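Working notes, beginning with the structure itself.
The values are calculated or read from the model by the stated rules, or taken from the named source; none is laboratory data. Because the structure is predicted, anything quoted here is derived from the model rather than measured. Positions of Cβ are backbone-derived with ideal geometry, glycine not excepted, and every protein chain shown enters the neighbour counts. For accessibility, only protein heavy atoms count, side chains too; no ligands or nucleic acids. Shrake-Rupley method; radii C 1.70, N 1.55, O 1.52, S 1.80 Å.
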Amino acid sequence: MLRCIIAVGVILGLLNACSPSGNGGEGFANTDITGAKYGQDFKLIDHHGQPRSLADYRGKVVTLFFGYTQCPDVCPTNLAGMAEVMRQLGPDADKVQVLFMTVDPERDTRELLAEYVPAFDARFVGLYGDLPTTQAVAKDFKVFYQKQGDVTGKAYTVDHSTGTYVFDPQGHLRLYVKHGEKPELITADIRKLLAGK
């Protein structure tokens, strides 16, 4: 089975370089990238057809993952993991917004995102842009993605970066979560951000 790849070790090197203590800072389990000069904002459309930017979610911890709906394993695993994080957060889950941005705008329509993303948790939001917008946002967030297979038709897969970005309630980029992280560690870090760490 073709798989989405865990891409580009160099990205992790760049991310770790953003924090003087790597995973240290405020004692986060995940990579502390506070002060990163990239990934500051986006202008996209949500699966309801509404324009969205990071400012729309001010006051909440925001997680942002880049993937696509036909991904066979990494993307559904990520979304299922974030659904478990929301369950562990209990009432605090209402202070968190999980975002899933497609890197496959040619196939991932608004309607498809509206069906796929909230299936994991009704509060999750799918985001998309046209091809130039997708390329620009991915570049700004240092996200790698590339079609593989039948790139002239519709039967391709997309290799892509697999980490999740986490913003604090003030809209500042704070953490990078590697794919496969334990939900309880993500939950603990989100609780710290909600507490103002």
Quiz item: Got at least one residue in region 174-181 being among the hydroxyl-bearing types (Ser, Thr, Tyr) and either under 16 Å from Val74 (Cβ atoms) or open to solvent by 60 Å² or more (accessible area, probe 1.4 Å) (or both)?
Solution: yes
Practice problem: Being free of Cβ contacts under 8 Å to residues at least 40 places away in the same chain, assigned to a helix (DSSP H, G or I) and small (Gly, Ala, Ser) is the filter; apply it to region 94-146 and report the residue that is surrounded by the most Cβ atoms within 10 Å (Cβ to Cβ). | Solution: Ala136
Quiz item: Which one of the conditions (1) buried (at least 23 other Cβ atoms within 10 Å of the Cβ); (2) within 13 Å of the chain's Cα centre (by Cα); (3) over 18 Å from Lys43 (Cα atoms); (4) not small (Gly, Ala, Ser) does Tyr165 fail to meet, given that it meets all the rest?
Solution: (3)
Quiz item: On the given criteria, is Leu79 under 13 Å from Arg123 (Cα atoms), within 16 Å of the chain's Cα centre (by Cα) and part of a helix (DSSP H, G or I)?
Solution: yes
Quiz item: For Gly27, which of the numbered conditions (1) assigned to a loop (DSSP other than H, G, I, E, B); (2) closer than 25 Å to Leu127 by Cβ; (3) modelled with pLDDT under 95 fails to hold?
Solution: (2)
Quiz item: Among (1) in contact with a His (Cβ under 8 Å, 6 or more places away or on another chain); (2) assigned to a helix (DSSP H, G or I), where does Val85 come up short?
Solution: (1)
Quiz item: Based on what the data block shows, is Thr69 open to solvent by less than 10 Å² (accessible area, probe 1.4 Å) and modelled with pLDDT of 95 or more?
Solution: no
Exercise. Consider Thr157 carefully, then state whether it is in a loop (DSSP other than H, G, I, E, B) and at pLDDT below 95.
Key: no
